[in-house]
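One structure below.
The values are calculated or read from the model by the stated rules, or taken from the named source; none is laboratory data. Keep in mind it's a predicted model, so treat the numbers as computed, not measured. Glycine gets a Cβ as well: all are built from the backbone with ideal geometry, and neighbour counts include every protein chain shown.
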Amino acid sequence: MVRIRLSALLALIACVSVSAAQSQEDSVALLTGPRAVSELGAAVTVIDVDSLRREFPVRSLSELLTGRVPGLVVLASSGTIGTASRLVIRGASSVRGSEAPQVYVDGIRVDDEPSTLTVSVGGQTTSRVDDVNVEDIATIAILRGPAAAALYGRDATAGVLLVTTKREQGGRPRLTAFTSQGLVTRAGRFPDNFLAVDSTGRQCDAGQLVTSTCRLLRANVLESPATSPFRDGYLRQYGLRVSGGGATTRYYLSGQWDGLAGVYALPGGERARLLAAGGLRPETESPNYFGRVNLRGNGQLLAGPKGDVTLALGYFFGDLRLPLNDTSYAGVLRSGLLGSADTTAGRGWAAFPPGDMFQILSMQRVRQVTASAAASWRPLKSLTLRAVVGLDRANQRDLQQQRPGEGPTGSPQLSRVAEGRLQSNRYTVAVTAAATFPLSATLTARAIGGVEYFKQGGNLFDSTAFTSLGSTSSASFRWPIHATTAGLFLEQQLAWRDRLFVTGSLRRDATTWADQSAPKGLAPHVGIAWHVPTAQSALLGSLRLRAAYGATDRLPGVPFVPPAVPYVFRPIGLGPRPDRVHELEGGVDAELLRGRMNLSATVYSRHSWNPLHFGSLGVPPIDDTVEVANKGIELALGASVVRSDAVAWEVGLSAWGNRNRVLSAGAFPLVLNGGGTVFQVVEAGLPLGSYSGTPILGYADANHDGVLSPAEVQLGTARAFLGTPLPTEGAALTTALTWRRRIRVASLLEYRAGSSVLNDTEMMRCARGNCRARNDPTTPLRDQLAWAAWQAGSAAGWIERADFLKLRAVSMTLTAPAAWAQRVGGREMTFTLAGRNLVTWTSYRGLDPEVNAAGSQELSASDFFTQPLVRYWTARLDLSF
């Protein structure tokens, strides 16, 4: 059973909120054609993006989905502008740690790789998922797992996101323009560096500070105005859309430019130093910048009631600069937080000052074109033929460069260039035929058959060049990318009196992966939805019971064709067999109080099997299997508390819980990450990727001197479970209050709990000697525990609970009187003020409970000098003509 902290959820219910509770009137464009959500046996959430975007201005798809769908958790790894987030649906199921939902845009599959950066900046990475322009999206349908997404076959184990871009309904041309201006600010403060020294300058510890003449030094180069490498960043957006059409043609055209700058900048002294030395460059002054252009055109040709053709074309250009951080030796936070409290040594920096670190240029430029054509033809009233064909093409260039005489070393005889080029082409072709025919006066059958062909091709080029002491060395590699999947599927639906819907489908996939034939994949699905007859009473308006089962599989990673070398090592996750996932779910949807309240509840059980393959030169290959189970519950409640001409007040709640367990870990223990006394492991009976190590059983200040020594900490004698890296429960609350249809105030509150994170930042600081617990005897005993236990032989004290409650977003929208808009020639004008990531309540003592130095693709969870999430303040003006 999934355990959810009822006290926490009840406290949230007591708050005022609005939730995007699922309406049974929603429809979703599936692979087999448009379907009403009320006919489906699985939980499918359809988000009206336009209404949410007007309420809460967002920059990316990840921000849009955060806190919106129970069971879908958006893990933002860093506050660095342009870095990727991880989307986790219904828990982790794979040892490979790279699960991500498929993403379809207008019926074609686009780049959904969770990690695309080919040069290292210390841990963070990028993803093309957030390049989808939210301003052009009409709806997003979320299929949470195989029970809903089995029809999409191979690679749909983690769910599917179906993005539909905007379409015009016809009429006279309409022009809409908007601009958004904002500030990007730091949400917290970095800790001070401490140092206890005696009269000779030799370091003391906290105990000696109490009993001797040692003195305590304290400094903070990250916060001092003279040395801080931080400033307020900015956000600028300009967009223009035009749409219209007649009886036979409709069109939608849009263009948008975004410019976002992060919170890093050169201190004044560093700027003057580099300017005098001739090493000041634009990218050095602004090392974290993201500029992008999005263009889109959608058109529809109507051939009467029997057919239509829809064309879509999108273009994206992105220019991104990333600073080094996390584990990088030249990371800004690492050098500042490991610096000495004695600022005369290295000016307070542990390694290099910001000017040297910012001289290393790390950039990514992307050009992406997405084109699709969809046709629908109805030769008979009962027969519909559909076809979709499309291309998603991306060209990515990553560059990391250190020029001679610049960078951390500053040697004129040292330079380095690393370059990666990724060319990716994804082709999608899908053809379906759907026939509807009555079997009796009350029973109707709908049969669909079709094929889907998906091909991924391209190349990854990687090159490095290094010059030192007059000699130059270089290396370059090329890996082809190749995968094709041909899927044949059949679906049969029976509908009785429009109350009972039974659907069954089967898909068979044949895949060539990395120039090898993968095992054939079968993806069955069964769903049932029953609309229970109700008396349409004042209490209960409608009731739907549903259940669904689905199964599918996933092949590992990017299909690189291995080079033609006699020795190939296959690490975890590169075996020839795919993961297999089965999912069963059931739920209820109800409409209460004459439509003023909607309730949705779903329970699910998911099992996955991860085949592993180990191989090396001269050793026979070893095959093993890890079995993982996820069980959980998802709830959504929405209600209109007040509904009048003057005031409208909407409230709601969404909540979820997940229980993740490794059922079988195979014959060989797997360690995913860690070292010393703490590891992340795959072990039967524990959540996937759990922290494991020597536990702390207790502590006491026996001599009452206020300083906790290693002898005063009691450790366990056997390895034990120390926490799980992913949250196990959460809730989201929003509220929307509208007054006279002119002023609308909304907010989003998000809660997550159950996860832990390794506070590697503070552990490294204490090991290096500049944390408070090691130097300051006034540190609370609770904060001294991790350091004392580490000296006693356990790092378990650095694993901290990452529970938090966050005021994720607040906004106020003003709709101007029509006369105001008419003065500038418009029809409607709105003005929105919004803030994001405003307040976080947490017991976590590190930089941020949400960050992860491992980026967006790993099960690892570590706060290792990772940039905390930033705060956004935006002002947006929308004007329609």
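Could you grab me the full set of residues in the stretch 236-280 that are out of contact with any strand residue (DSSP E or B) (no Cβ under 6 Å at 6 or more places or on another chain) and surrounded by 15 or more Cβ atoms within 10 Å (Cβ to Cβ)?
Selection gives Tyr264, Ala265, Leu266, Pro267, Glu270, Arg271, Arg273, Leu274, Gly279, Leu280.
Identify, please: which residue in the stretch 445-479 is among the charged types (D, E, K, R) and touching a residue at least 40 places away in the same chain (Cβ under 8 Å) and is, among those, nearest to Pro404 (Cα to Cα)?
My answer is Asp462.
Table: residues versus (1) in contact with a Pro (Cβ under 8 Å, 6 or more places away or on another chain); (2) surrounded by 24 or more Cβ atoms within 10 Å (Cβ to Cβ).
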| position | (1), (2) |
| --- | --- |
| Glu113 | no, no |
| Val121 | yes, yes |
| Asp131 | no, no |
| Val134 | no, no |
| Ile137 | no, no |
| Ala141 | no, no |
| Pro146 | no, yes |
| Thr157 | yes, yes |
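Return the pair list, or none, for Cβ contacts closer than 6 Å from residues in the stretch 310-322 that are touching a residue at least 40 places away in the same chain (Cβ under 8 Å) to residues that are of a type in the set (Phe, Trp, Tyr) and in a strand (DSSP E or B), at least 6 apart or on different chains.
Leu320/Phe290; Arg321/Tyr289
From the list Ser654, Ser664, Ser644, Ser747, pick out the single residue that is surrounded by fewer than 21 Cβ atoms within 10 Å (Cβ to Cβ) and more than 26 Å from Pro611 (Cα to Cα).
Step by step, each of Ser654, Ser664, Ser644, Ser747 is checked, and only Ser644 is surrounded by fewer than 21 Cβ atoms within 10 Å (Cβ to Cβ) and more than 26 Å from Pro611 (Cα to Cα).
Using beta carbons and a limit of 8 Å, which pairs, at least six apart or on different chains, have the first residue in the stretch 595-621 and closer than 30 Å to Gly550 by Cβ and of a type in the set (A, V, I, L, M) and the second one assigned to a loop (DSSP other than H, G, I, E, B) and modelled with pLDDT under 85?
As it stands, the answer is Leu599/Ala21; Leu612/Ile572; Leu612/Gly573; Leu612/Gly575; Leu612/Gly666, since those pairs meet every condition given.
Give me the residue from the stretch 393-409 that is of a type in the set (D, E, K, R) and part of a loop (DSSP other than H, G, I, E, B) and, out of that set, farthest from Arg426 (Cα to Cα).
If we take residues in the stretch 393-409 being of a type in the set (D, E, K, R) and part of a loop (DSSP other than H, G, I, E, B), then Glu406 is farthest from Arg426 (Cα to Cα).
Quick one: would you say Ala42 is among the aliphatic types (A, V, I, L, M), within 13 Å of the chain's Cα centre (by Cα) and in a loop (DSSP other than H, G, I, E, B)?
Working: among the aliphatic types (A, V, I, L, M): yes; within 13 Å of the chain's Cα centre (by Cα): no; in a loop (DSSP other than H, G, I, E, B): yes.
Spelling it out, it is not the case that Ala42 is among the aliphatic types (A, V, I, L, M), within 13 Å of the chain's Cα centre (by Cα) and in a loop (DSSP other than H, G, I, E, B).
If you check Gln714, Gln680, which single one turns out to be over 30 Å from Thr830 (Cα atoms), surrounded by 15 or more Cβ atoms within 10 Å (Cβ to Cβ) and touching a Leu at 6+ places or on another chain (Cβ under 6 Å)?
Gln680
Among the numbered conditions (1) exposed (fewer than 14 other Cβ atoms within 10 Å of the Cβ); (2) over 34 Å from the mean Cα position of the chain (by Cα); (3) within 30 Å of Tyr104 (Cβ to Cβ), tell me where Gln169 comes up short.
That leaves (2) as the condition not met.
Checking Gln516 against (1) among the polar types (S, T, N, Q); (2) under 30 Å from Thr442 (Cα atoms); (3) in contact (Cβ under 8 Å) with a residue 40 or more places away in the chain; (4) surrounded by fewer than 16 Cβ atoms within 10 Å (Cβ to Cβ), only one condition comes out false. Which one?
Tallying (1) among the polar types (S, T, N, Q); (2) under 30 Å from Thr442 (Cα atoms); (3) in contact (Cβ under 8 Å) with a residue 40 or more places away in the chain; (4) surrounded by fewer than 16 Cβ atoms within 10 Å (Cβ to Cβ), Gln516 fails exactly one: (2).
If the requirement is being farther than 30 Å from Pro287 by Cβ, under 34 Å from the mean Cα position of the chain (by Cα) and not in a loop (DSSP other than H, G, I, E, B), which of these qualifies: Leu240, Leu209?
Every option except Leu240 fails the conditions.
Pick from the stretch 121-176 the residues that are assigned to a loop (DSSP other than H, G, I, E, B) and among the β-branched types (Val, Ile, Thr): which of them is nearest to Ala551 (Cα to Cα)?
Thr157
Kindly list the number of the only condition in (1) part of a loop (DSSP other than H, G, I, E, B); (2) closer than 30 Å to Ala29 by Cβ that fails for Val221.
(2)
All but one of (1) loosely packed, with under 15 Cβ neighbours inside 10 Å; (2) under 21 Å from Ala149 (Cα atoms) hold for Asp509; which doesn't?
Among (1) loosely packed, with under 15 Cβ neighbours inside 10 Å; (2) under 21 Å from Ala149 (Cα atoms), the lone unmet condition for Asp509 is (1).
From the list Val757, Val870, Val824, Val851, which one is more than 21 Å from the chain's Cα centre (by Cα) and either crowded, with 17+ Cβ neighbours inside 10 Å or within 30 Å of Val745 (Cα to Cα) (or both)? Break it down stepwise before answering.
Working: Val757 fails: more than 21 Å from the chain's Cα centre (by Cα); Val870 fails: more than 21 Å from the chain's Cα centre (by Cα); Val851 fails: more than 21 Å from the chain's Cα centre (by Cα).
Among Val757, Val870, Val824, Val851, only Val824 is more than 21 Å from the chain's Cα centre (by Cα) and either crowded, with 17+ Cβ neighbours inside 10 Å or within 30 Å of Val745 (Cα to Cα) (or both).
Quick one: Thr472 ticks every box in (1) under 30 Å from Ser415 (Cα atoms); (2) in contact with a strand residue (DSSP E or B) (Cβ under 6 Å, 6 or more places away or on another chain) bar one, so which box is it?
(2)
Table: residues versus (1) modelled with pLDDT of 90 or more; (2) surrounded by 22 or more Cβ atoms within 10 Å (Cβ to Cβ); (3) more than 24 Å from Leu72 (Cβ to Cβ).
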| position | (1), (2), (3) |
| --- | --- |
| Val603 | yes, no, no |
| Phe614 | no, no, yes |
| Gly618 | no, no, yes |
| Ala629 | yes, no, no |
| Gly638 | yes, yes, no |
| Gly676 | no, no, yes |
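Filter the stretch 304-334 down to the residues that are in contact with a Pro (Cβ under 8 Å, 6 or more places away or on another chain) and among the charged types (D, E, K, R) and list them by number.
Within the stretch 304-334, Lys306, Arg321 qualify.
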